[in-house]
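The values are calculated or read from the model by the stated rules, or taken from the named source; none is laboratory data. Quantities reported herein were computed from a predicted structural model and do not represent experimental measurements. Don't worry about glycine lacking a Cβ; one is built from the backbone with ideal geometry, like all the others, and counts go over all protein chains shown. These area figures cover heavy atoms from the full protein model, side chains too; ligands, DNA and RNA do not enter into them. Shrake-Rupley method; radii C 1.70, N 1.55, O 1.52, S 1.80 Å.
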Amino acid sequence: MDDEPLVRWYWIGDHLGYLGGLLADHAVIALVPVLIGLLLALPLGLACARFPRLYQPLAAVFNIVYALPSLAVFVVLIPYTGLATRATVMIPLTFYALAVLLPTTVDGLRAVPEPVRQAATAMGYGPWHRLAAVELPASVPYLVAGLRVAAVSSISLASVGALVGRGGLGYLFIDGFQRTFPTPIVAGIALIALLALATDVVLVTARRLLAPWAVREKAVTR
């Protein structure tokens, strides 16, 4: 190990297809739960915004879930979802994403100024039309902020799934450790960082396209 270079570039060149497959698997395992978490957070956040007493109990439950060690939750799920399956890793990651996205969704819906709601109502908008045309678009900066945190966290946690047989790029860490061969470990770290960076760029771009006013307001306040 002492004489082993940090990176053997020929190994990376010989395993591009293998690395690409692990990267694709890692992206699915990490990002699909974030998307499902968003789809669950929207109705739950709407319910919490409409019925404020519901928010604290729900937030407490998801905070407890978020505090659970991911590896322990994976192991508990194995008898029900199977060893080395995507479901074993993706189900906990969905709840972790939901724990992050619920507060940002509620904050976004609550941040819509009341005069804006009243103006939409005065223009004849019903509750669902007002939600789709006014409240959700106004919540985009909050939703994207939550998505950025949830996505980066999920991309990092997904690698732990390699310990239960399904971890995408996490395999590279186990492989490198078992063979005292650092090149797969370095490749795994670099690819996870690139995936997180690419996802963040996509989300920031989406925010600029969906909520350009938020970008202008931020620039003015600087």
*Residue list for region 16-60, filter: touching a residue at least 12 places away in the same chain (Cβ under 8 Å) and either outside any helix (DSSP H, G or I) or touching a Cys at 6+ places or on another chain (Cβ under 6 Å) (or both)*: Tyr55
*Being open to solvent by less than 40 Å² (accessible area, probe 1.4 Å) and of a type in the set (Phe, Trp, Tyr) narrows it down to one of Phe181, Phe177, Phe173, so name that one.*
Phe181
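Listed residues Leu131, Leu136; which is part of a helix (DSSP H, G or I), open to solvent by less than 60 Å² (accessible area, probe 1.4 Å) and more than 29 Å from Pro92 (Cα to Cα)?
Working: Leu136 fails: more than 29 Å from Pro92 (Cα to Cα).
None of the other options fit; the residue is Leu131.
Give the residue, chosen from Val112, Val32, that is at pLDDT below 90, under 29 Å from Arg130 (Cα atoms) and of a type in the set (A, V, I, L, M, F, W, C).
Numbers: Val32 fails: at pLDDT below 90.
Of the residues listed, the single one that is at pLDDT below 90, under 29 Å from Arg130 (Cα atoms) and of a type in the set (A, V, I, L, M, F, W, C) is Val112.
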*Test result for Leu40, modelled with pLDDT under 95 and either polar (S, T, N, Q) or under 23 Å from Leu203 (Cβ atoms) (or both)*: no
_Given the criteria assigned to a helix (DSSP H, G or I) and either open to solvent by less than 70 Å² (accessible area, probe 1.4 Å) or basic (Lys, Arg) (or both), does Tyr66 qualify?_
no
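Among Ala41, Ala49, which is the only one that is open to solvent by less than 30 Å² (accessible area, probe 1.4 Å), under 30 Å from Ala111 (Cβ atoms) and under 17 Å from the mean Cα position of the chain (by Cα)?
Numbers: Ala49 fails: under 17 Å from the mean Cα position of the chain (by Cα).
Only one candidate passes the filter, namely Ala41.
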*Give region 83-120 a look and list any residue that's part of a helix (DSSP H, G or I), open to solvent by 70 Å² or more (accessible area, probe 1.4 Å) and not charged (D, E, K, R), or say none.*
Phe95, Pro115, Gln118
*Could you check, for region 147-165, whether at least one of its residues is under 23 Å from Val73 (Cβ atoms), outside any helix (DSSP H, G or I) and small (Gly, Ala, Ser)?*
yes
*Could you tell me whether region 147-166 includes any residue that is open to solvent by 20 Å² or more (accessible area, probe 1.4 Å), over 30 Å from Trp11 (Cα atoms), modelled with pLDDT of 95 or more and not aliphatic (A, V, I, L, M)?*
yes
